[in-house]
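Below is one structure; the comments refer to it alone.
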């Protein structure tokens, strides 16, 4: 309860002032003329003026408001180093206990994390201490802010906000985790290409930094750096600390290549978490060079040619050998075609420049001698791709299987050709293999009655599979599409020449373009089409893991977090060969995922997070803010301070204690008002004074 006098004039203030001035002037004139009753007239004027001002007493009912203390706790990745996490927990527990003992003090605690799930899109990374402090103080009424306590290692990544917080009006204190004069070694990637051409080398520029103490200078010594692909060491180097050096990275395949650089730790180093840097280079093919060799002409030849020519990234070299086997007039080969068939250039000199070789219904006519076919075997085993699309010729004596090339072919012809209508089916293995898994259905037609079944083919070469995987089958479960790996290369055999029926939409057609596209890219080792693959990706604070396998056995996924914690999860493979797992990615940095055979890497946040740029604890960044607001800075290792309430104009920090402002804030819950003097009393006073003035003047 409180009483305050306020004026509530009956008339505008201008009229009341004019009235008072006129009354005083007239009274002054009477005094100058020595007239009687002047004093009584002045009193009458004053009483009437006060009555017109109508003074009232305002009585407020006030409810005291508690003072609010903002406690900002840094829980980012750098706070996991050493015993900082334990120091932070101890400090937070101490703050809570001490502030609970203070009367009318409310605590608003905010934890700062660096997980992507806790950030909005577009937010910066790192320890956003000042931004969090600004938002927290902005949500509290200014009259209730008693101060702020920041528990952190002092490494903040939004120092540009200090100027705006210096006018906070309340003390901002800092409790520092960690130790003074810490040593930290860091590997810095100065330049790394985001893309590289397959078959070419990319250059990565890096350096090693050693730092001592808060913002200290580097140590002068040598450091050993290794370039790794998973657990495989690709190269090592011994360089001077602070000097820039380079690694040459071979880009061996299309898609992302994730490599790591790590540097050996230095004695007494705080942590090795920033001794490793992640590099991702996306391999792109400049141009795909494909050699298509056609033999006996047939309706499907144009399908292969059109498909390969429709891709602007493909350089197609196409030759058709038209000489029939019964032509025995001893005409030289270079006189039969418009141009001589460049067998030596294609199959000896420039064979390894091609990404894929396709034989489409090729008939052996002694055009390619055995030595050239053996060159193709070497080409495949060294990493090349070979595709055979065969017809009836594959079942007779002029088959490619009867040449040295038969060593790398996965299907053995029996000599029979099956000529009957059938619909190609995907095998159980094919349902798991990315080349044939979830292929689109056919267009609705009268023949398939809208069921989506693919159109029929009418010819298949009977074979027996000896190696590889059969992805599609024809009548009698005979192999139709067989894939195999030979050395470092790959081989595929399509045992029918009727895929052109799908291209023409016969009985609804089928996914000829998608099937051939997947087949070609699998042969050229496209990472997304690997049948045994482990992939990991961090999205929205969660680690998404996809494991694809042709095997049906259950697997165990091991996840290693950026802080070194190892977690194991059992997974079950679905009928399509895919097992999916989603786990929380609570820390920024590099996650390592393994299924026992393969390993995948995934980065949460930046590939090389700013959070690990400097792990040393330092008061340098926040000291100007604490000084400007009267706050104090104290290392937690030296002991935890006491907290006390102080007036706004008193010291806010001292030895062993930190002060918080006692604002004595309140809110008004009710107001009552009544006249300071009753109006009837004013009227009586005016009449009495007028009577006194009349009596005085009458004498």
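Inspect all residues belonging to the range 293-302 and state whether any of them is in the same structural domain as residue 396 (by TED's automatic domain parsing), surrounded by fewer than 19 Cβ atoms within 10 Å (Cβ to Cβ), at pLDDT 75 or above and not in a loop (DSSP other than H, G, I, E, B).
If we filter the range 293-302 for residues that are in the same structural domain as residue 396 (by TED's automatic domain parsing), which is where we start, we get 293-302.
Cutting the leftovers down to surrounded by fewer than 19 Cβ atoms within 10 Å (Cβ to Cβ) gives us 297-299, 302.
Next, only the ones that are at pLDDT 75 or above stay: 297-299, 302.
Those still in the list that are not in a loop (DSSP other than H, G, I, E, B) too: 302.
Yes - at least one qualifying residue is present in the range 293-302.
Name the residues in the range 352-367 that are under 53 Å from the mean Cα position of the chain (by Cα) and either over 20 Å from residue 407 (Cα atoms) or surrounded by 18 or more Cβ atoms within 10 Å (Cβ to Cβ) (or both), would you?
Step one: of the range 352-367, the residues under 53 Å from the mean Cα position of the chain (by Cα) are 352-362.
Within the range 352-367, 353, 354, 355, 356, 357, 358, 359, 360, 361, 362 qualify.
Suppose we keep only residues that are out of contact with any helix residue (DSSP H, G or I) (no Cβ under 9 Å at 6 or more places or on another chain) and in a loop (DSSP other than H, G, I, E, B) within the range 164-188. Which one would you say is modelled with the lowest pLDDT? Break it down stepwise before answering.
Residues of the range 164-188 that are out of contact with any helix residue (DSSP H, G or I) (no Cβ under 9 Å at 6 or more places or on another chain), as a first pass: 181-185, 187-188.
Narrowing the set further to residues that are in a loop (DSSP other than H, G, I, E, B) leaves 181-182.
Values: 181: 83, 182: 86.
Per the criteria, the residue is 181.
Table: residues versus (1) modelled with pLDDT of 90 or more; (2) closer than 16 Å to residue 267 by Cα; (3) surrounded by 15 or more Cβ atoms within 10 Å (Cβ to Cβ); (4) in the same structural domain as residue 591 (by TED's automatic domain parsing).
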| residue | (1), (2), (3), (4) |
| --- | --- |
| 199 | no, no, no, no |
| 206 | yes, no, yes, no |
| 213 | no, yes, yes, no |
| 220 | no, yes, no, no |
| 228 | no, no, yes, no |
| 232 | no, no, no, no |
| 242 | no, no, yes, no |
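Give, as residue ranges, the strands (runs of 3 or more DSSP E) completely inside the range 499-607 that count at least 1 residues that are surrounded by 21 or more Cβ atoms within 10 Å (Cβ to Cβ) and on the phi > 0 side of the Ramachandran plot.
Fully inside the range 499-607 and qualifying: 589-594.
Please state which of the following conditions residue 459 fails to meet, knowing it meets all the rest: (1) touching a residue at least 40 places away in the same chain (Cβ under 8 Å); (2) over 20 Å from residue 504 (Cα atoms); (3) surrounded by 15 or more Cβ atoms within 10 Å (Cβ to Cβ).
(2)
How many residues, within the range 610-632, are farther than 19 Å from residue 183 by Cα and buried (at least 19 other Cβ atoms within 10 Å of the Cβ)?
First, the residues of the range 610-632 that are farther than 19 Å from residue 183 by Cα: 622-632.
Checking which are buried (at least 19 other Cβ atoms within 10 Å of the Cβ) leaves us with 622, 625-626, 629-632.
Total satisfying the criteria: 7.
Would you be able to say whether some residue in the range 248-263 is closer than 29 Å to residue 76 by Cα and assigned to a loop (DSSP other than H, G, I, E, B)?
Filtering the range 248-263 for residues closer than 29 Å to residue 76 by Cα gives 256-263.
With assigned to a loop (DSSP other than H, G, I, E, B) added as a condition, the list becomes none.
Scanning the range 248-263, I find no residue that is closer than 29 Å to residue 76 by Cα and assigned to a loop (DSSP other than H, G, I, E, B), so the answer is no.
The values are calculated or read from the model by the stated rules, or taken from the named source; none is laboratory data. Just so it is clear, the structure is predicted and the values come from calculations on it, not from any experiment. Positions of Cβ are generated from backbone atoms using ideal geometry, with glycine treated the same way; all protein chains shown enter the neighbour counts.
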